[in-house]
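A.B. asks: Below you'll find the structure I mean.
The values are calculated or read from the model by the stated rules, or taken from the named source; none is laboratory data. Not measured: the values here are computed from a predicted model. Cβ placement follows ideal geometry from the backbone for every residue including glycine, while neighbour counts extend to all protein chains displayed. Please note that ligands, DNA and RNA were not included when accessible areas were found on the heavy atoms of the full protein model with its side chains. Shrake-Rupley method; radii C 1.70, N 1.55, O 1.52, S 1.80 Å.
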Amino acid sequence: MSADACAAAMARGATTKPSFLQAAKGGLVFGIIETVTPLLGWMLGLAASAYITAIDHWIAFGLLSLVGGKMALNAGQRLVARGSVDETDTDEVVSKHKGMLALILTAFATSIDAAAVGVTLAFVDVNIVSVALAIGLTTFVLATGGLMIGKIVGVKFGPVVELIGGLGLMAIGTGILLDHTGILA
């Protein structure tokens, strides 16, 4: 869940060059938002679960595959287009990524997948509070680290992290489907 936040944090770190304290504050913003969104998604999924329990594993598979596939596709496009940014584009990106509002918007944009996963978790027997806290804490650590790494190495590895995260989500969705259909049993 935290791979896209880490990738976004790396890109932001490359443009904003944060101190450790600024990186920790940025990581906290990512972590809090990434904790709240799966809880909201879970509540939405729980409200609808009585109507769709017979196909919940297909929904989990579909949502995780779509979110993971989108992440992987975006990462692939960024990897292919890596050499096409000129200096004026870079300056424009730097000015767009500064400020708390940009940080919050980035954190929300990267947490949409966490909300989708929260919906799917409503169909699986899990302690959502523990899961949401684990996602939030992991995101805090990875986003803080991503900001610091981005400061040092730039955006070189951001798309790779996002690609791995997207493929991981697709694998989780496939595992849920295989488990619930009895193929893994």
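A.B. asks: Give me the residue from region 105-127 that is outside any helix (DSSP H, G or I) and open to solvent by 30 Å² or more (accessible area, probe 1.4 Å) and, out of that set, nearest to Ala24 (Cα to Cα).
C.D. replies: That would be Asn127.
A.B. asks: Given the criteria open to solvent by 70 Å² or more (accessible area, probe 1.4 Å) and over 22 Å from Trp42 (Cα atoms), does Ile152 qualify?
C.D. replies: So Ile152 fits the description; yes.
A.B. asks: Every residue in region 33-57 that is buried (at least 16 other Cβ atoms within 10 Å of the Cβ) and either of a type outside the set (Asp, Glu) or within 16 Å of Ala114 (Cβ to Cβ) (or both), please.
C.D. replies: Selection gives Ile33, Glu34, Thr35, Val36, Thr37, Pro38, Leu39, Gly41, Trp42, Gly45, His57.
A.B. asks: Now for a different question. Select from region 35-79 the residues that are touching a Leu at 6+ places or on another chain (Cβ under 8 Å) and either polar (S, T, N, Q) or outside any helix (DSSP H, G or I) (or both) and list them in ascending order.
C.D. replies: Within region 35-79, Thr35, Ser65 meet the criteria.
A.B. asks: Also: Kindly establish whether Ser130 is crowded, with 23+ Cβ neighbours inside 10 Å, polar (S, T, N, Q) and part of a helix (DSSP H, G or I).
C.D. replies: In short, no.
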